[in-house]
Every structure is written in structure tokens, then in C-alpha cells.
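Before we start, here is the structure in question, set down as C-alpha cells.
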Amino acid sequence: MLSSAVKQHQTKQHARRERQEKRKKEAIIASTALTHALVDHLNGGVAQAYVNQKKLDTETKILQANASQFCRQTVQWVKLVEDFNTALKELGDVENWAKSIETDMRTISSALEYAYTKSE
């Protein structure tokens, strides 16, 4: 009777250990699956952030190139306006010079007419 009780106890204990080991393995599998799911979810967010960062980098480079091009074009426009302004000033100077010459020529013409009419 004692030996049968011991055997029965050992059998129950063995069965409990097996159930416990089975539950332990199931818990490990479930926790591993949960860990993988969490990591996959986090990786998805990280991957999206990485993709967004790459897009931002590309857009930043394009914007920088466009800004540089606009700056160069603006410098060219400023030079063009300055050159045009200088040309207008020179044209004004030429106009004043021409008026001055015209006045001198009228004075000379008047003097010549006066001299011619006096000599007659």
C-alpha cells in the first residue's frame, strides 16, 4: 500500500511536471510571438520614419539646389538692372552732350549769319 501510494504520488508528480513543462513551453512560445509582434510593429514605425527622413533629405537637397539657382538668377537680374541703369545714365549724358553741341552750333551759325550779313 505504501509503495502503491508512492508510485501513485510519483505518477501524479510526473504528470504535473509534464503539464507544467507543457505550459512553460506554451508560455515561451506565446511570449516569443508577442515579442515578435511588438518588434514588427515597432520596426514598421521605424521603417516609415526612415522612409520619411529619406524623402525629407531628398526634398531638402532639391530645395537647396533651387534656392542656389534662384540666388544666381537674382544676382544676374541685379547686374542686368545695374547695367541698364548705367546705360540710361550714359544716354542722358549723351543727350546733354548733344544739346550742348546743338547750342554751340546755333551760336556759331548765328555768328556766321551775322558776319555774313555785315559783310554784304
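Please compute the per residue accessible area over the chain with all protein chains in place, 1.4 Å probe, rounded to a whole number of Å².
94
To continue, here is another question. To two decimal places, what compactness ratio does segment 32-101 give when its Cα radius of gyration is scaled by 2.2 N^0.38 Å?
Dividing the Cα radius of gyration by 2.2 N^0.38 Å gives 2.71.
Taking only Cα atoms of the chain, what ratio of Rg to Rh do you get with Rh as the Kirkwood inverse-distance radius? Don't skip to the answer; put the middle values down first.
Working: Rg = 51.0 Å, Rh = 25.6 Å.
My calculation of the ratio gives 1.99.
Would you mind working out the magnitude of the charge dipole of segment 1-119 relative to its Cα centre, with +1 at each Lys and Arg C-beta and -1 at each Asp and Glu C-beta, to the nearest 20 Debye?
On the way: 18 positive and 14 negative charges, 479 e Å.
With Lys and Arg at +1 and Asp and Glu at -1, about 2300 debye.
Same structure again: Given a 1.4 angstrom probe, I'd like the percentage of the accessible area of the chain that is carbon and sulfur, rounded to a whole number. Walk me through the numbers on the way to the answer.
Values: 7050 of 11330 Å².
Carbon and sulfur atoms account for 62 percent of the accessible area of the chain.
Once you charge only the Cβ atoms, +1 for Lys and Arg and -1 for Asp and Glu, what is the size of the charge dipole of segment 60-120 about its Cα centre, to the nearest 20 debye?
With Lys and Arg at +1 and Asp and Glu at -1, about 540 debye.
The values are calculated or read from the model by the stated rules, or taken from the named source; none is laboratory data. Fair warning: this is a prediction, and the values are worked out from it, not measured in the lab. So basically every Cβ, Gly included, is an ideal-geometry build from the backbone, and we count neighbours across all protein chains shown. Heads up: the accessible areas ignore ligands, DNA and RNA and are worked out on the full protein's heavy atoms, side chains in. Shrake-Rupley method; radii C 1.70, N 1.55, O 1.52, S 1.80 Å.
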